[in-house]
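S.K.: Before I ask anything, let me first share the structure, which is written out below as structure tokens.
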Amino acid sequence: MELPVPWSSLIGVALFLVAVLLRRRRSSSSKYMLPPGPRPWPVIGNLNLIGPLPHRSMHELSTRYGPLMSLRFGSYPVVVGSSVDMAKFFLKTHDLAFLDRPAVASARHILYNGSDVLWAPYGPYWRQGRKLYQNELLSASRIKSTEHIRIEEVRCMLRDVSAAASRDGGAVVRLKDHLSMARFNVVSRMALGRKYIFDGAGSLMPPEAFRWMIQEFFFLNGVVNVGDVIPWLSFLDLQGYIKRMKRLSKMIDPLPEHVLVEHSERRRRQGEGFVPRDMDIIAAGADTSAVATEWALSELLRNPEAMAKATGELDRVVGGGRLVTEEDIPCLPYLDAVDTSVGAYDIPAGTRVFVNVWAIARDPALWGDASEEFRPERFVGSGVDVKGHDLEFLPFGSGRRMCPGLGLGMKMVQLMLANLLQAFAWRLPDGVGVDDLSMEEKFGLSMPRMVPLEAVPEPKLPAHLYDGPCP
Ligand code: HEM
């Protein structure tokens, strides 16, 4: 097997240190009865077996070593759970023992030393952040009272897509660009009180620069950075990630700084009654819903039958005289199913635990032989939910550390997808067949498409429905 550059040079270092470390390792690991797993190399452990898509590498290894597998990432023991029982063990039965997050470089460099909820270590600060999400920013009443923001922003998106489509009579649209701006504008208005990024004068930065930042943010927060697992090698920045993190951090800085100055000024003018909104919501929920919607539309474009069922349901329930709203969503069970289809050992302290929810959601033992196929039907009336109770399907995680943005995330995906399907007939660009559409993923915190989806939208509703004002 050909190893990526940093791994091959590391193996060189590793061989050099074999004699010294082998003796140390023997004495320390023999204390524990670890789950089965491949034999680790000195220094790098099993990093050489982890490719650019770690969830796939871990899945492949677990087919050999079982649903509870032991690995080593550099200096740290790692355990991977790949079954419903293991998800239950780590996320339910013993979740208190596994609530912490490791101190990683991305939290240090991009997220102000882990001062966000996502990377905060388990403790009072994290609990306070979760409470803020649950009781203030994402409470059921706040989500309800901000419905108009989502409706307005989704309409702006339809207007922009329609304008792009009419340019040159049937232009190809890069959907992700529109989805991520709509998504960001919603959280920006909900959390910060107004939009900060838009086309034209007064925007804090050009939308393209912001979109690039969000992509880089999600990538760098998901990477396996050598310095995080072999701390004494971190100064070498072998993969160049730290350099990228520092660059990104400099680009992000103006956004919170500007918002804080503006909010302090407003607080001074409006007195104590003014409540500043939390910054973390922007970073944590930045493009997850856009990624999920892009995957859903890609699957529908490859499955004309499913596309016909989803649009037929919209025609029946909503018709063509108005746009879909959040009240319509409960009456669209097929669309809901489309959205849903898109996710006796010792464990020493300090072990990093991965529950491979990607592998569990594709397990043929749970989902049948066609487990890899897009079949929304399997969710219609199945009762399987995404709220962390059904451990065979965990797109938002489960337990105390599960996603606090579930309610908002689902609403955004459903509303964006329903409106895009109702307002446009979608097709692939000329010369691109269904089989040419790549369905490869890129690794990162939100696992986006490797190649952004490009499709041709043809407006199908009366023109005035695309003309609403854009706040
Ligand atoms: C379709 C949309 C979304 C998906 C699929 C998603 C998925 C996830 C997943 C899998 C986790 C990790 C759970 C774990 O570690 O067990 C997570 C954590 C988190 N998500 Fe989301 N998310 C979405 C939308 C959002 C939104 C809209 C927000 C906020 C506005 C948000 C905020 C967070 C935060 C703060 C965490 C960290 C929680 C903690 O560590 O305590 N997410 N999300």
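Read the figures in this text as sums done on the coordinates, not as results from a lab. Just so it is clear, the model here is predicted, and its values are computed rather than measured. Positions of Cβ are backbone-derived with ideal geometry, glycine not excepted, and every protein chain shown enters the neighbour counts.
S.K.: Under 17 Å Cα-Cα from residue 243, which aspartates and glutamates qualify once same-chain neighbours fewer than 8 residues away are excluded?
M.R.: Result set, ordered by chain and number: 216, 228, 253.
S.K.: In addition: Hey, in the chain, which Cys have no second cysteine's beta-carbon closer than 4.7 Å?
M.R.: Lone cysteines by the Cβ rule: 331, 403.
S.K.: Counting other Cβ atoms within 10 Å of each Cβ, which GluC sites (Glu not before Pro) in the range 195-269 have at most 16 and sit in a DSSP loop? Working shown, then result.
M.R.: Values: sites: 208, 216, 257, 262, 265; in loops: none.
The qualifying sites: there are none.
S.K.: Of all alpha-carbon pairs in the chain, indicate the percentage at a distance above 29 angstrom.
M.R.: 53
S.K.: Using each residue's phi in the range 215-229, evaluate 6.51 cos²θ - 1.76 cosθ + 1.60 at θ = phi - 60° and report the 3J(HN,Hα) Karplus result to the nearest Hz, with x for Gly and Pro.
M.R.: Each residue of the range 215-229 in turn: 4, 5, 4, 5, 5, 5, 7, x, 5, 8, 8, 3, x, 6, 9 Hz.
S.K.: Among 124, 139, 156, which residue has its Cα furthest toward the positive end of the charge dipole of the range 106-177, with +1 on Lys/Arg Cβ and -1 on Asp/Glu Cβ?
M.R.: Of 124, 139, 156, it is 124.
S.K.: From the phi of every residue in the range 441-447, what ³J(HN,Hα) in whole Hz does the Karplus formula 6.51 cos²θ - 1.76 cosθ + 1.60 yield, where θ is phi - 60° and glycine or proline is x?
M.R.: The phi angles translate into 9, 10, 6, x, 4, 10, 6 Hz.
S.K.: Go through the range 295-304 residue by residue and turn each phi into a ³J(HN,Hα) via Karplus (6.51, -1.76, 1.60, θ = phi - 60°); whole Hz please, and just put x for glycine and proline.
M.R.: With coefficients 6.51, -1.76 and 1.60, one gets 5, 4, 5, 4, 4, 5, 5, 8, 10, x Hz.
S.K.: Give me 250, 387, 442 sorted ascending by neighbouring Cβ count inside 10 Å, so fewest comes first.
M.R.: Arranged by neighbour count, lowest to highest, 250, 387, 442 become 250, 387, 442.
S.K.: In whole Å, what three semi-axes, largest first, describe the equivalent ellipsoid of the range 350-405 built from its Cα gyration tensor (square root of 5 times each eigenvalue)?
M.R.: Values: eigenvalues 101, 47, 13 Å².
Sorted largest first and rounded, they come to 22, 15, 8 Å.
S.K.: While we're here: Order 449-456, 461-468 from most to least packed using the mean count of other Cβ atoms within 10 Å.
M.R.: 449-456, 461-468
S.K.: Taking the range 357-422, which GluC sites (Glu not before Pro) meet the DSSP loop condition and have no more than 15 other C-beta atoms within 10 Å? Please list the in-between numbers first.
M.R.: Working: sites: 372, 373, 377, 392; in loops: 372, 373, 392.
Here the GluC sites (Glu not before Pro) that fit, given the DSSP loop and packing criteria, are 372, 373, 392.
S.K.: Would you grab the residues whose amide H sits under 5 Å from the one on residue 441? Only those 5+ places off in sequence or on another chain, please, with H modelled 1.01 Å from N.
M.R.: The list, which skips near neighbours in sequence, is 450.
S.K.: In this model, which of 131/387; 92/144; 387/460; 144/387; 144/195; 88/309 are farther than 23 Å apart at the alpha-carbon?
M.R.: In this structure, 92/144; 387/460; 88/309 exceed 23 Å between Cα atoms.
S.K.: Of 471, 428, 165, which is farthest towards the positive pole of the chain's charge dipole, taken about the Cα centre with +1 and -1 on the beta-carbons of Lys, Arg and Asp, Glu respectively?
M.R.: 471
S.K.: Moving on to the next point. Tally the DSSP beta bridges in the chain and give the antiparallel ones as a percent, rounded to 5.
M.R.: In the chain, DSSP labels about 80 percent of beta bridges as antiparallel.
S.K.: Would you list, by chain and number, the lysines whose Cα falls below 25 Å from the Cα of residue 246, excluding same-chain residues fewer than 8 positions away?
M.R.: Once the sequence-local lysines are set aside, what remains near residue 246 is 442.
S.K.: Another question, then. Counting only residues 5 or more places away or on other chains, whose amide H sits under 5 Å from the amide H of residue 174 once H atoms are built in the peptide plane?
M.R.: Those qualifying (amide H under 5 Å, at least 5 residues apart or on another chain) number zero.
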